[in-house]
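Engineer: Could you have a look at this structure, given as structure tokens, before my questions?
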Amino acid sequence: MKDWAELARTVVAGASAIDIGILGHRAPVARHATDGTGALLFSLEEVAPECAHLVRPGQRGPLVDASASDVSSVPHRERVRGRVELTGRAQVMPGPVCEELLDHLGLDEGQPVGRLVPDTITLEWSVECRATRPALVDVAVADYVAAEVDPLAGWQDGWITHLDGTHREDLRRLVEREVQPVATVRPVLADADGLVLREYVGTCRRDIRVDFPGRVGCGCEAQAALKSLLSVTARG
């Protein structure tokens, strides 16, 4: 059983693309962040420059909807792994805002940082989905707030790109007995529990999970876990 709340938190935290609708404006944001509750932090002026001055710290803000997309760094036929839709009220973070956050968002001191605290969360997820359509899940706000972000979020895409470019045959050996001889096998996702490899045979595809020996907590542990799996495979 998937932890949908953790998956939603992970998609939002490490989203490849985010666009936000507020006060009749809709725009993509170049940078974003999340806080410990999963609230989405962004530059208000980037989304709605003509309206940002209307929202004051501490006041009830306008309704906001945001879409966060998780796109695989490995070029698959369908690269979007998942999408999270958030709706809620916009707030302006009261000052002082920490310098690290301002730098990350590309803002100067005094420029407003928007904070979207979601009232509704919907997750669409296509990896390891056996149905013809992606799974569509409504995530409870309390579960979303309590969930953790997967420890490989933000790192795993660089890793699977490296694995795809340099170690594709090694990955294939992990699932050699499960895939067809004519199949192409490429990584699509890595998380704390393992790797997901995508098998292509003609126009058909299938996702196969390769579990790590145990749940990992960082990239170094993930690399060590994969090395262990490959060592076992090499011994037959």
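The values are calculated or read from the model by the stated rules, or taken from the named source; none is laboratory data. Note that the structure is predicted; figures quoted are calculated from it, not measured. Note: ideal-geometry Cβ built from the backbone for every residue, glycine included; neighbour counts use all protein chains shown.
Engineer: Could you run through the stretch 65-105 and say how many residues are in a loop (DSSP other than H, G, I, E, B), touching a helix residue (DSSP H, G or I) at 6+ places or on another chain (Cβ under 9 Å) and at pLDDT 90 or above?
Structural biologist: Number satisfying all stated conditions: 4.
Engineer: Let me ask you something else. Restricting attention to the stretch 214-236, report how many residues are at pLDDT 95 or above and either farther than 13 Å from Leu174 by Cβ or of a type in the set (Val, Ile, Thr) (or both).
Structural biologist: 11
Engineer: Follow-up question, since we're still on this one. Filter the stretch 1-39 for residues that are farther than 29 Å from Arg209 by Cβ and in contact with a Ser or Thr (Cβ under 6 Å, 6 or more places away or on another chain) and give the result.
Structural biologist: Across the stretch 1-39, the qualifying residue is only Asp19.
Engineer: Sticking with this one: Does Gly61 satisfy the condition of being within 25 Å of Asp108 (Cα to Cα) and surrounded by fewer than 19 Cβ atoms within 10 Å (Cβ to Cβ)?
Structural biologist: Numbers: within 25 Å of Asp108 (Cα to Cα): yes; surrounded by fewer than 19 Cβ atoms within 10 Å (Cβ to Cβ): no.
No; evaluated as a whole, the condition is false for this residue.
Engineer: Looking only at residues that are touching a Ser or Thr at 6+ places or on another chain (Cβ under 9 Å) and not small (Gly, Ala, Ser) in the stretch 142-155, which one is farthest from His76 (Cα to Cα)?
Structural biologist: Val145
Engineer: Report whether or not Val113 is farther than 16 Å from Leu40 by Cα, touching a strand residue (DSSP E or B) at 6+ places or on another chain (Cβ under 8 Å) and crowded, with 19+ Cβ neighbours inside 10 Å. Walk me through it before giving the result.
Structural biologist: Numbers: farther than 16 Å from Leu40 by Cα: no; touching a strand residue (DSSP E or B) at 6+ places or on another chain (Cβ under 8 Å): yes; crowded, with 19+ Cβ neighbours inside 10 Å: yes.
In short, no.
Engineer: Can we say Thr10 is among the β-branched types (Val, Ile, Thr) and more than 23 Å from Pro62 (Cα to Cα)?
Structural biologist: Details: among the β-branched types (Val, Ile, Thr): yes; more than 23 Å from Pro62 (Cα to Cα): yes.
It is true that Thr10 is among the β-branched types (Val, Ile, Thr) and more than 23 Å from Pro62 (Cα to Cα).
Engineer: Being over 20 Å from Asp157 (Cα atoms), modelled with pLDDT under 95 and assigned to a helix (DSSP H, G or I) is the requirement here; does Glu46 meet it? Spell out the reasoning first.
Structural biologist: Values: over 20 Å from Asp157 (Cα atoms): yes; modelled with pLDDT under 95: yes; assigned to a helix (DSSP H, G or I): yes.
Criteria met by Glu46.
Engineer: Yes or no: Asp138 in contact with a Gly (Cβ under 9 Å, 6 or more places away or on another chain) and loosely packed, with under 15 Cβ neighbours inside 10 Å?
Structural biologist: Details: in contact with a Gly (Cβ under 9 Å, 6 or more places away or on another chain): no; loosely packed, with under 15 Cβ neighbours inside 10 Å: yes.
For Asp138, the condition - in contact with a Gly (Cβ under 9 Å, 6 or more places away or on another chain) and loosely packed, with under 15 Cβ neighbours inside 10 Å - is not met.
Engineer: Here is a follow-up. Does any residue of the stretch 30-42 turn out to be on the phi < 0 side of the Ramachandran plot, outside the structural domain of Arg206 (by TED's automatic domain parsing) and in a helix (DSSP H, G or I)? Reasoning before the result, please.
Structural biologist: Residues of the stretch 30-42 on the phi < 0 side of the Ramachandran plot: 30-37, 39-42.
Now drop any that are not outside the structural domain of Arg206 (by TED's automatic domain parsing), which leaves 30-37, 39-42.
After this cut, where a residue has to be in a helix (DSSP H, G or I) as well, the list is none.
No, because not a single residue in the stretch 30-42 is on the phi < 0 side of the Ramachandran plot, outside the structural domain of Arg206 (by TED's automatic domain parsing) and in a helix (DSSP H, G or I).
Engineer: Continuing with the same structure: Answer yes or no as to whether Leu123 is under 22 Å from Ala17 (Cβ atoms), at pLDDT 85 or above, assigned to a strand (DSSP E or B) and touching a Gly at 6+ places or on another chain (Cβ under 8 Å). Spell out how you get there, then give the answer.
Structural biologist: On the way: under 22 Å from Ala17 (Cβ atoms): yes; at pLDDT 85 or above: yes; assigned to a strand (DSSP E or B): yes; touching a Gly at 6+ places or on another chain (Cβ under 8 Å): yes.
So Leu123 fits the description; yes.
Engineer: Report those helices (runs of 4 or more DSSP H) wholly inside the stretch 150-236 carrying at least 2 residues which are among the hydroxyl-bearing types (Ser, Thr, Tyr) and surrounded by 13 or more Cβ atoms within 10 Å (Cβ to Cβ). Talk me through it step by step, then tell me what you get.
Structural biologist: Numbers: elements: 156-166, 168-174, 219-235.
Fully inside the stretch 150-236 and qualifying: 219-235.
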